[in-house]
Amino acid sequence: MSWSGRLAGLLPRAAAGRDGDDDGTEPDPRFTFANERTFLAWSRTSLALVVAGLGIVQLLPPFPGVPFGRHVLGVPLIVLGAVLAVVAYGEWVRNQRALRHGEPLPRSLMPWILAATIAGMAVISAIVLLVSAIR
Amino acid sequence: MTAVPPAPKHRRDGGSASGRDPASGGPAEPAADDRDPQERPGLARERTTLAWTRTAIAFAALGGVVLKENVITGLIILGIAPLVWQLGRLPRGDSPSGLAVVGTTRIRLITVSIVAVALLALLVAVFGHSVPGALR
């Protein structure tokens with residue numbers, strides 16, 4: 001048996017009616033694939049945020065006069081990466097359910113969350129840099 | 001708002017290249033081949049497989065970054081990468097379209113993996129040995 005077959009055998013089957021995956025009618029496969037790709041794109045965004053946060057904390061030189069400056073910038077990015085992954089899963093479930101019931105796709109909160117957090121991080125970065133420059 | 005054209009008739013095999021309906025063994029709908037190549041589910045499947053591959057590469061890249069700071073954590077994250085790649089190549093099950101059976105499980109696995117990796121990265125960031133100035 002191939003590795004893929006063995007791995008598939010290890011995975012539990014989706015419970016009926018849970019997560020909107022078995023109820024309703026089967027949508028066009030292209031829409032299901034597109035939903036999956038969107039989830040994967042958000043997953044990669046999450047991983048990129050984790051890498052960015054880790055890079056800031058571990059690799060950037062310390063900010064003079066701001067002892068925890070790197071942690072203030074890096075840790076929220078890592079946390080945002082985890083939050084984004086969980087929200088992406090919720091969005092995938094909601095979209096899948098809407099597709100299976102022929103309903104309009106729900107409005108996504110994720111671009112708003114990402115934009116607000118990046119803007120907030122930009123403001124915090126500017127503050128840290130200013131404080132570091134003044135001291 | 002742009003109008004969405006009506007979806008073409010559903011191909012339940014998700015786009016096999018054999019030209020035969022796998023459920024019945026009979027010939028596929030003749031209209032299926034007349035569709036625009038961009039609309040064939042087979043290409044959607046291919047794009048999705050590539051997306052899984054990119055996600056696996058992203059895990060590997062993160063593992064490489066962490067490896068420089070913490071070998072064990074980095075190896076754990078690097079080990080997730082081939083698993084993610086295999087998840088993307090899983091057979092889609094025996095549901096009518098073959099899409100739903102392991103779909104939720106693997107999406108959930110990816111979510112759990114990313115949260116776990118983020119927690120590991122958090123531990124490395126807070127308690128790990130840093131190399132300040134490496135990006136100077």
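The values are calculated or read from the model by the stated rules, or taken from the named source; none is laboratory data. All of these numbers come straight from a predicted model, not from anything done at the bench. Reconstructed Cβ throughout: ideal geometry from the backbone, glycine too, with neighbour counts over all protein chains shown.
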Pair list, Cβ < 7 Å and 6+ apart or interchain, from the stretch B:104-127 residues that are facing another protein chain (nearest Cβ under 7 Å) to residues that are surrounded by fewer than 17 Cβ atoms within 10 Å (Cβ to Cβ) and hydrophobic (A, V, I, L, M, F, W, C): B:THR111/A:VAL86; B:VAL115/A:VAL86
Residue that is nearest to the chain's Cα centre (by Cα), among those in the stretch A:63-79 that are part of a helix (DSSP H, G or I) and surrounded by fewer than 24 Cβ atoms within 10 Å (Cβ to Cβ): A:VAL79
Count of residues meeting criterion [modelled with pLDDT under 85, surrounded by 14 or more Cβ atoms within 10 Å (Cβ to Cβ) and of a type in the set (Gly, Ala, Ser)] in the stretch A:3-62: 5
Which listed residue is at the interface with another protein chain (Cβ under 8 Å from one of its Cβ atoms) and modelled with pLDDT under 90, from B:PRO41, B:PRO37: B:PRO41
Single match in B:LEU122, B:LEU135 (criterion: modelled with pLDDT of 90 or more and of a type outside the set (Gly, Ala, Ser)): B:LEU122
Test: residue in the stretch A:65-86 that is small (Gly, Ala, Ser), touching a residue at least 40 places away in the same chain (Cβ under 8 Å), closer than 23 Å to B:SER113 by Cβ and at the interface with another protein chain (Cβ under 9 Å from one of its Cβ atoms): yes
